[in-house]
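A.B. asks: My questions will all concern the structure given below.
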Amino acid sequence: MQITSVGHAGFHIRTAAGTILCDPWVNPAYFGSWFPFPDNTELDWDELGNCDFLYVSHLHRDHFDAKTLADHVNKDATVLLPNYPVPDLRRELEKLGFHKFFETEDSVKHTVEGPGGELDIMIIALRAPADGPIGDSGLVVSDGETTCFNMNDARPVDMDVLHEAFGRIDIHLLQYSGAIWYPMVYDIPTRTKSNFGKQKRQRGMDRARSYIEQVGATWVVPSAGPPVFLDEELRYLNDDHGDEGNIFPDQMVFLEQMRVHGNSGGVLMIPGSVAEVHGAELKLIHPYDPTEIWNDKAAFIEKMAQKMAPVLEREKRSWAPAEGEPLLRPLQELFEPLMAQSDLICDGIGYPVGLVMGDETVVLDFPKRTVRAPIDGEGRYRYGFRIAPELVRTVLRDNEPDWVNTIFLSTRFQAWRIGGYNEFLYTFFKCLTDERIAYADGWFAEAHDDSASVELDGWEVQRRCPHLKADLSKFGVVEGTTLTCNLHGWQWDLESGRCKTSKGHELRSRELTDQAVEQ
């Protein structure tokens, strides 16, 4: 098996049976904020796109690059399609001209026929509202000699199914770095923001190491991030100036983390790097010396910024004008019908949320299911966002169904909140179609299984995380009376069962006495 990095989460997998192109991303994403790092624009995208199979893990714009797919990828390629509850991914690919789909079942091993023979594949599909834009996934490929698990930035909760279907995993491709706007955009003191950033940075790497231990692959390739920020106003987000609170550590940082924790199987790949993998044997060839990047990372980023300046300028010219009609009416037309369909989500949000867009403020009154102007004397809202009006006008113009994976991931906004993270709120912003909001509200309404228990450091807790059902025997870490689930970094107070991260999501827990432990 020959695996070529094509940048970020993208890989080209060549086998005797056929070739698979995974998550090709070239063009800037999220309002021109994110670019692939290192630069991958010099790769032969027509050759890479002449593939037998296409796999797009989900609709995040750093995985689903519509322009690259339209301009360079063979439309007769068979799409390996994850089993998602909402068919948005298939619809978007069909719009681009793809017409051959192999519909997989979640976590089921399939055999597909390529021009040179058969391949075994499995797609682990995550279906919770928090997983990508209503869906994220990982792909397993086996040619009979080598098995590759391309986890990209998915967060599966059950690794047993992987080993039951394929046994040994030879090479594991996974995310380890941040892909979020927290805490950088929040209106909080600088020192507090730095401390939160340190925690977020380390938790992301801890989670990746937990997955590495569970998968047990011979070789591990850090991938799916981080992006590079080339706009001058966002350059502070790059991890190139020794900021321990930066949530975007790069491949070299994580490879060192692996070495410190006794794992010598880390593999650095940059766009164009080729790994020849034969079972447990690996041979690696780089297109150029990677030290050219990391000897002076800031200088490398500056060169990229100069090269991509026209691309960024073109992206900004595509935005809607900042000036126009008041935004109250179009936001009422968008949000109020969705509020009316999502009682559980609106009740979970539980308070009015402020949107400050230039000189105009609009209130999303979730308890009353209305969008309105501010009321005199209303004061500061518990949760709020300051967003440039041109960004809001652009997503409205484009009928964008997901503000989380457009405006928020751009980091081109500011936020404040009083109290904890509100998962219901961000789920609402991710589900701006009738189909999405109906699925998300129904998902939250389902009862979560907490019948099984596990013992962790003298505490008996429910085995499945109340957030997204992760197995706490694998992802749970106890420090004092606090339980952290390393899958997403959520925390609980073990004495009360209260979730310390978000409203709701109570945990069943009790401290084990010496007698109970002995029994």
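A.B. asks: Six or more apart or on different chains, Cβ atoms under 6 Å: show the pairs whose first residue is in segment 268-297 and more than 30 Å from Gly242 (Cα to Cα) and whose second is open to solvent by less than 40 Å² (accessible area, probe 1.4 Å) and among the hydrophobic types (A, V, I, L, M, F, W, C).
C.D. replies: Ala275/Ile3; Val277/Met1; Val277/Ile171; Leu282/Ala275
A.B. asks: Follow-up question, since we're still on this one. Looking at Pro222, Pro227, which is the one that is over 16 Å from Trp294 (Cβ atoms), at pLDDT 95 or above and touching a Phe, Trp or Tyr at 6+ places or on another chain (Cβ under 6 Å)?
C.D. replies: On the way: Pro222 fails: over 16 Å from Trp294 (Cβ atoms).
None of the other options fit; the residue is Pro227.
A.B. asks: Working only within segment 161-206, note down all residues that are open to solvent by 10 Å² or more (accessible area, probe 1.4 Å) and among the charged types (D, E, K, R).
C.D. replies: Glu164, Arg168, Asp187, Arg191, Lys193, Lys198, Lys200, Arg201, Arg203, Asp206
A.B. asks: Shifting gears a bit: Just the residues that are of a type in the set (A, V, I, L, M) and either part of a strand (DSSP E or B) or in contact (Cβ under 8 Å) with a residue 60 or more places away in the chain (or both), please, taken from segment 479-506.
C.D. replies: Listed by number, the residues that qualify are Leu483, Leu487.
A.B. asks: On to the next question. Is there a residue being assigned to a helix (DSSP H, G or I) and over 21 Å from Lys297 (Cα atoms) anywhere in segment 219-232? Show your work before the answer.
C.D. replies: Within segment 219-232, the first condition is being assigned to a helix (DSSP H, G or I), and the residues that meet it are 232.
From what is left, the residues that are over 21 Å from Lys297 (Cα atoms) are none.
Taking every residue of segment 219-232 in turn, none turns out to be assigned to a helix (DSSP H, G or I) and over 21 Å from Lys297 (Cα atoms).
A.B. asks: Given the condition open to solvent by 30 Å² or more (accessible area, probe 1.4 Å) and not in a helix (DSSP H, G or I), answer yes or no: does some residue in segment 297-317 qualify?
C.D. replies: no
A.B. asks: Step by step: first the residues of segment 507-516, then only those that are over 29 Å from the mean Cα position of the chain (by Cα) and assigned to a loop (DSSP other than H, G, I, E, B), then the one that is modelled with the lowest pLDDT. Which residue is that?
C.D. replies: Kept after step one, since they are over 29 Å from the mean Cα position of the chain (by Cα), are these residues of segment 507-516: 509-516.
Those still in the list that are assigned to a loop (DSSP other than H, G, I, E, B) too: 512-513.
Details: Leu512: 90, Thr513: 77.
Only one residue fits best here, namely Thr513.
A.B. asks: So which residues in segment 466-476 are in contact with a strand residue (DSSP E or B) (Cβ under 8 Å, 6 or more places away or on another chain) and touching a residue at least 40 places away in the same chain (Cβ under 8 Å), if there are any at all?
C.D. replies: First pass over segment 466-476, keeping only residues in contact with a strand residue (DSSP E or B) (Cβ under 8 Å, 6 or more places away or on another chain): 466-467, 470-473, 475-476.
The answer is Pro466, His467, Ala470, Asp471, Phe475.
A.B. asks: Go through segment 126-149 and give me each residue that's at pLDDT 95 or above and either farther than 24 Å from Ile171 by Cα or among the aliphatic types (A, V, I, L, M) (or both).
C.D. replies: Leu139, Val140, Val141
A.B. asks: So which residues in segment 318-367 are in contact with a Ser or Thr (Cβ under 9 Å, 6 or more places away or on another chain), open to solvent by 50 Å² or more (accessible area, probe 1.4 Å) and closer than 25 Å to Arg417 by Cα?
C.D. replies: Gln332, Glu336
A.B. asks: Being under 22 Å from Ala275 (Cβ atoms) and touching a Gly at 6+ places or on another chain (Cβ under 8 Å) is the filter; apply it to segment 224-237 and report the residue that is surrounded by the most Cβ atoms within 10 Å (Cβ to Cβ). Before the answer, list the steps.
C.D. replies: First pass over segment 224-237, keeping only residues under 22 Å from Ala275 (Cβ atoms): 224-226.
Among the residues that remain, those that are also touching a Gly at 6+ places or on another chain (Cβ under 8 Å) are: 225-226.
Working: Gly225: 24, Pro226: 26.
Only one residue tops the list, namely Pro226.
A.B. asks: How do the pairs read when you match residues in segment 391-411 that are over 17 Å from Trp34 (Cα atoms) and of a type in the set (S, T, N, Q) with residues anywhere that are in a loop (DSSP other than H, G, I, E, B) and at pLDDT 95 or above, using Cβ under 6 Å and keeping only pairs 6 or more apart or on different chains?
C.D. replies: From segment 391-411, the pairs are Thr394/Trp319; Thr394/Ala320.
A.B. asks: While we're looking at this one, here's another question. When the residues of segment 334-367 are narrowed to those that are of a type in the set (Asp, Glu) and touching a helix residue (DSSP H, G or I) at 6+ places or on another chain (Cβ under 9 Å), which ends up farthest from His467 (Cα to Cα)? Step through it out loud before you land on a result.
C.D. replies: Taking segment 334-367 and keeping what is of a type in the set (Asp, Glu), we get 336, 343, 347, 359-360, 365.
Filter once more, keeping what is touching a helix residue (DSSP H, G or I) at 6+ places or on another chain (Cβ under 9 Å): 343, 347, 359-360, 365.
Working: Asp343: 19, Asp347: 17, Asp359: 37, Glu360: 35, Asp365: 25 Å.
Once the filter is applied, the top-ranked residue is Asp359.
A.B. asks: Since Glu292 meets every condition but one in (1) out of contact with any Phe, Trp or Tyr (no Cβ under 9 Å at 6 or more places or on another chain); (2) more than 25 Å from Ala415 (Cβ to Cβ), which condition does it not meet?
C.D. replies: (1)
A.B. asks: Still on this structure, I have one more. Name the pairs: first residue in segment 170-199 and farther than 30 Å from Gly144 by Cβ, second residue in a helix (DSSP H, G or I) and open to solvent by 40 Å² or more (accessible area, probe 1.4 Å), Cβ to Cβ under 6 Å, at least 6 apart or on different chains?
C.D. replies: Partner pairs satisfying both residue conditions: Pro183/Lys193; Pro183/Phe196.
A.B. asks: Which of (1) modelled with pLDDT under 95; (2) in a helix (DSSP H, G or I) is the odd one out, the single condition Ala165 does not satisfy?
C.D. replies: Ala165 satisfies all of (1) modelled with pLDDT under 95; (2) in a helix (DSSP H, G or I) except (1).
A.B. asks: Oh, and also: Any residue in segment 150-167 that is among the basic types (Lys, Arg) and under 26 Å from Ala77 (Cα atoms)? Even if it seems obvious, please write down each step before you answer.
C.D. replies: Quick first cut of segment 150-167, residues among the basic types (Lys, Arg) only: 155.
Pick out the ones that are also under 26 Å from Ala77 (Cα atoms) and you get none.
Checking segment 150-167: not a single residue is among the basic types (Lys, Arg) and under 26 Å from Ala77 (Cα atoms).
A.B. asks: Which numbered condition trips up Asp441, out of (1) among the acidic types (Asp, Glu); (2) crowded, with 20+ Cβ neighbours inside 10 Å; (3) within 28 Å of Lys316 (Cβ to Cβ)?
C.D. replies: In the conditions (1) among the acidic types (Asp, Glu); (2) crowded, with 20+ Cβ neighbours inside 10 Å; (3) within 28 Å of Lys316 (Cβ to Cβ), Asp441 misses (3) alone.
A.B. asks: Check segment 458-477 and report whether any residue there is in contact with a Phe, Trp or Tyr (Cβ under 6 Å, 6 or more places away or on another chain) and modelled with pLDDT under 90. Even if it seems obvious, please write down each step before you answer.
C.D. replies: Initial filter on segment 458-477 (in contact with a Phe, Trp or Tyr (Cβ under 6 Å, 6 or more places away or on another chain)): 467.
Subset that is modelled with pLDDT under 90: 467.
The answer is yes; a qualifying residue exists.
A.B. asks: Follow-up question, since we're still on this one. Test of understanding: among Glu460, Glu455, which residue is over 24 Å from Leu338 (Cβ atoms), open to solvent by 60 Å² or more (accessible area, probe 1.4 Å) and among the acidic types (Asp, Glu)? Working first, answer last.
C.D. replies: On the way: Glu460 fails: open to solvent by 60 Å² or more (accessible area, probe 1.4 Å).
That would be Glu455, the only listed residue that is over 24 Å from Leu338 (Cβ atoms), open to solvent by 60 Å² or more (accessible area, probe 1.4 Å) and among the acidic types (Asp, Glu).
A.B. asks: Within segment 419-442, is there a residue that is in a strand (DSSP E or B) and either more than 24 Å from the chain's Cα centre (by Cα) or farther than 24 Å from Glu213 by Cα (or both)? Reasoning before the result, please.
C.D. replies: So the first thing to find is which residues in segment 419-442 are in a strand (DSSP E or B), and the list is 421.
Checking the rest, the ones that are also either more than 24 Å from the chain's Cα centre (by Cα) or farther than 24 Å from Glu213 by Cα (or both) come to 421.
Yes, segment 419-442 contains a residue that is in a strand (DSSP E or B) and either more than 24 Å from the chain's Cα centre (by Cα) or farther than 24 Å from Glu213 by Cα (or both).
A.B. asks: Hey, another quick one. Scan segment 287-297 and tell me whether some residue there is more than 30 Å from Val253 (Cβ to Cβ), at pLDDT 95 or above and not small (Gly, Ala, Ser). It would help to see each step written out before you state the result.
C.D. replies: Initially, segment 287-297 is screened for residues more than 30 Å from Val253 (Cβ to Cβ), giving none.
For segment 287-297, residues more than 30 Å from Val253 (Cβ to Cβ), at pLDDT 95 or above and not small (Gly, Ala, Ser): absent.
A.B. asks: Restricting attention to segment 140-154, which residues are crowded, with 21+ Cβ neighbours inside 10 Å and either in contact (Cβ under 8 Å) with a residue 60 or more places away in the chain or under 16 Å from Ala9 (Cα atoms) (or both)? Give the derivation first.
C.D. replies: Pass one, segment 140-154, residues crowded, with 21+ Cβ neighbours inside 10 Å: 140-143, 146-154.
Result: Val140, Val141, Asp143, Thr146, Cys148, Phe149, Asn150, Met151, Asn152, Asp153, Ala154.
A.B. asks: The conditions are (1) touching a residue at least 60 places away in the same chain (Cβ under 8 Å); (2) more than 24 Å from the chain's Cα centre (by Cα), and Pro129 fails exactly one of them. Which is it?
C.D. replies: Every listed condition holds for Pro129 apart from (2).
The values are calculated or read from the model by the stated rules, or taken from the named source; none is laboratory data. Note that the structure is predicted; figures quoted are calculated from it, not measured. Note that each Cβ is placed from the backbone with ideal geometry, even for glycine, and that neighbours are counted across all protein chains shown. Keep in mind that these areas ignore ligands, DNA and RNA; they rest on the heavy atoms of the full protein, side chains included. Shrake-Rupley method; radii C 1.70, N 1.55, O 1.52, S 1.80 Å.
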